[in-house]
Protein chains: 2
Amino acid sequence: MAKAKAKAASDRLGSSERIRLAALGLFKARGYHGTSVRDLAEALGIEPASLYHHFPSKQAILVDLFDRTMDIMQDRLHQAIAGGATPAAQLRNFVRFHVLFHIECQDEAFVSHSELRSLTAPNHRRMIGKRDRYEKAIRELLAAGVRAGEFEIADVRLTSIAILMMCSGVSDWFTRRGRLKPEKVADSYADMVLRLVRAR
Amino acid sequence: MAKAKAKAASDRLGSSERIRLAALGLFKARGYHGTSVRDLAEALGIEPASLYHHFPSKQAILVDLFDRTMDIMQDRLHQAIAGGATPAAQLRNFVRFHVLFHIECQDEAFVSHSELRSLTAPNHRRMIGKRDRYEKAIRELLAAGVRAGEFEIADVRLTSIAILMMCSGVSDWFTRRGRLKPEKVADSYADMVLRLVRAR
DNA sequence: GTCTATAACTAGATAGAC
DNA sequence: GTCTATCTAGTTATAGAC
């Protein structure tokens, strides 16, 4: 059973890490507001009060998940792009990274998108800031490709958001029990995106 | 104010229609579980108990929104595709329709995607069935284009889901106060998708 | 068709023992 | 670090008056 395996793996994790993992699963399946502190405690086999030793509130758990996910994404984005010599190579690297991230950190990516509205106003603002910084990097990648004569793009802003929506959608539908391996999906998406921008 | 205008328009609607409209706005902004029956009643200027004269439960309101949205989409999909002579023309018509629907019925489309998990098990199964029928129509459109030698697609299933994610994403980011008019967005998306499938 | 009043239950969070 | 016990408030939904 996948469940038993997940349990065995989580036994080797710290308490806070186990809480994060369980919260991620529940927030994905039922949403933040659809998950009670009691639900979360039950999934962990502890009492609700015990959770408050590790996190001051349910909202703090959500924010913690967001911060980790957004920061890891931003870090790895720059590593991925840095590996490409031309804008076309950088775009291929970016799409492959973005798709693979949305598969490997599927729950993190899904929750970081679907539960934005469940953040309190200040937390929401902060995460929108991180998201905007990420999106700006993609726009600049596309604009550089246009300047270099490698891409043919009518509207960089529109194209960047279209590409991001397409690639982030992977966390919506991908399943490990599916037909395609992560690497195959990542390569196919990179091909589609490069055609989309008419890369030479 | 947009709010005052929405209120004036809703005054001419039936009670059930006004409830649907208010629920749509709240479910989009806060989610189904993040919206209480009290919130909804307050937005309508009535007491919570009054809602139960029009709908038997909060879930019934959500299901009603889903049914209307999914049925309208399915109907208009066939009208849109029927207007094209070739697979390429049909695909352009489909993308234009799908994007324009996700702009004009933005809240309906957004909620019908984001709140799938808030449906009870039998309702969820029913909506997944409707969604699958819609997706199947797109796959068949792409497959017909490949058979006719008009599209070059390595994996029809993967490409269809990528296109759908990209186009449905419009309901996530579009705003009427933005830079681009709906028609412009629809045309640009159609161009991008036709390049994606290497349409002749 | 909307109200008041309320039932029956669940929510997030805390106090303090162990 | 986890527990029992509990607080306060909020949840969906119903009964029955007007």
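Across region A:127-156, what is the total count of residues that are surrounded by 15 or more Cβ atoms within 10 Å (Cβ to Cβ) and among the basic types (Lys, Arg)?
3
Does residue B:90 qualify as being closer than 29 Å to residue B:186 by Cα, away from chain A (no Cβ under 14 Å) and touching a Gly at 6+ places or on another chain (Cβ under 6 Å)? Step through it out loud before you land on a result.
On the way: closer than 29 Å to residue B:186 by Cα: yes; away from chain A (no Cβ under 14 Å): yes; touching a Gly at 6+ places or on another chain (Cβ under 6 Å): yes.
In short, yes.
For region B:21-38, give me each residue that is part of a helix (DSSP H, G or I), more than 19 Å from residue B:106 (Cα to Cα) and touching a residue at least 24 places away in the same chain (Cβ under 8 Å).
none
Consider residue B:67 carefully, then state whether it is modelled with pLDDT of 95 or more, within 14 Å of chain A (Cβ to nearest Cβ), more than 13 Å from DNA strand C (Cβ to nearest atom) and under 23 Å from residue A:114 (Cβ atoms). Give the derivation first.
Numbers: modelled with pLDDT of 95 or more: yes; within 14 Å of chain A (Cβ to nearest Cβ): no; more than 13 Å from DNA strand C (Cβ to nearest atom): yes; under 23 Å from residue A:114 (Cβ atoms): yes.
When the stated conditions are applied, residue B:67 does not pass them.
Here are A:152, A:115, A:140: which of them is within 14 Å of chain B (Cβ to nearest Cβ) and within 20 Å of residue A:91 (Cβ to Cβ)? Write out each step before concluding.
Values: A:115 fails: within 20 Å of residue A:91 (Cβ to Cβ); A:140 fails: within 14 Å of chain B (Cβ to nearest Cβ).
Going through A:152, A:115, A:140 in turn, the sole match is A:152.
Looking only at residues that are of a type outside the set (Val, Ile, Thr) and buried (at least 19 other Cβ atoms within 10 Å of the Cβ) in region B:70-89, which one is farthest from DNA strand C (Cβ to nearest atom)? Give the steps one after another, and end with the answer.
In the first step, residues of region B:70-89 are kept if they are of a type outside the set (Val, Ile, Thr); the result is B:70-71, B:73-80, B:82-85, B:87-89.
Subsequent filtering for residues that are buried (at least 19 other Cβ atoms within 10 Å of the Cβ) retains B:70, B:73, B:77, B:80, B:87.
Working: B:70: 26, B:73: 28, B:77: 33, B:80: 35, B:87: 48 Å.
By that ranking, first place goes to B:87.
Report, by residue number, each residue of region B:182-198 that is free of Cβ contacts under 8 Å to residues at least 60 places away in the same chain and facing another protein chain (nearest Cβ under 8 Å).
Passing the criteria: B:188, B:191, B:192, B:195, B:196, B:198.
Only one of (1) surrounded by 14 or more Cβ atoms within 10 Å (Cβ to Cβ); (2) within 14 Å of chain B (Cβ to nearest Cβ) is not met by residue A:120, so which one is it?
Every condition holds for residue A:120 apart from (1).
Please tell me if residue A:171 is within 13 Å of the chain's Cα centre (by Cα) and in a helix (DSSP H, G or I). Step through it out loud before you land on a result.
Values: within 13 Å of the chain's Cα centre (by Cα): yes; in a helix (DSSP H, G or I): yes.
Yes, satisfied.
So, of the residues in region A:157-181 that are surrounded by fewer than 16 Cβ atoms within 10 Å (Cβ to Cβ) and more than 8 Å from every other protein chain (Cβ to nearest Cβ), which turns out to be farthest from residue B:166 (Cα to Cα)?
Checked region A:157-181; the qualifying residue farthest from residue B:166 (Cα to Cα) is A:177.
Quick test of your reading of the structure: residue A:45 fulfils all but one of (1) at pLDDT below 95; (2) at positive phi. Name the failing condition by number.
Here residue A:45 meets the rest and fails (1).
Go through region A:37-61 residue by residue and tally those that are closer than 15 Å to residue A:21 by Cα and more than 7 Å from DNA strand C (Cβ to nearest atom).
Of the residues in region A:37-61, 12 are closer than 15 Å to residue A:21 by Cα and more than 7 Å from DNA strand C (Cβ to nearest atom).
Is there a residue in region A:90-99 that is away from DNA strand C (no atom under 16 Å from the Cβ), at pLDDT 95 or above and more than 25 Å from residue A:145 (Cβ to Cβ)? Give the steps one after another, and end with the answer.
Going residue by residue through region A:90-99, those that are away from DNA strand C (no atom under 16 Å from the Cβ) are A:90-99.
From what's left, at pLDDT 95 or above: A:90-99.
Those still in the list that are more than 25 Å from residue A:145 (Cβ to Cβ) too: none.
No, because not a single residue in region A:90-99 is away from DNA strand C (no atom under 16 Å from the Cβ), at pLDDT 95 or above and more than 25 Å from residue A:145 (Cβ to Cβ).
The values are calculated or read from the model by the stated rules, or taken from the named source; none is laboratory data. Just so it is clear, the model here is predicted, and its values are computed rather than measured. In this analysis, Cβ positions are derived from the backbone assuming ideal geometry, glycine residues included, and neighbour counts consider all displayed protein chains.
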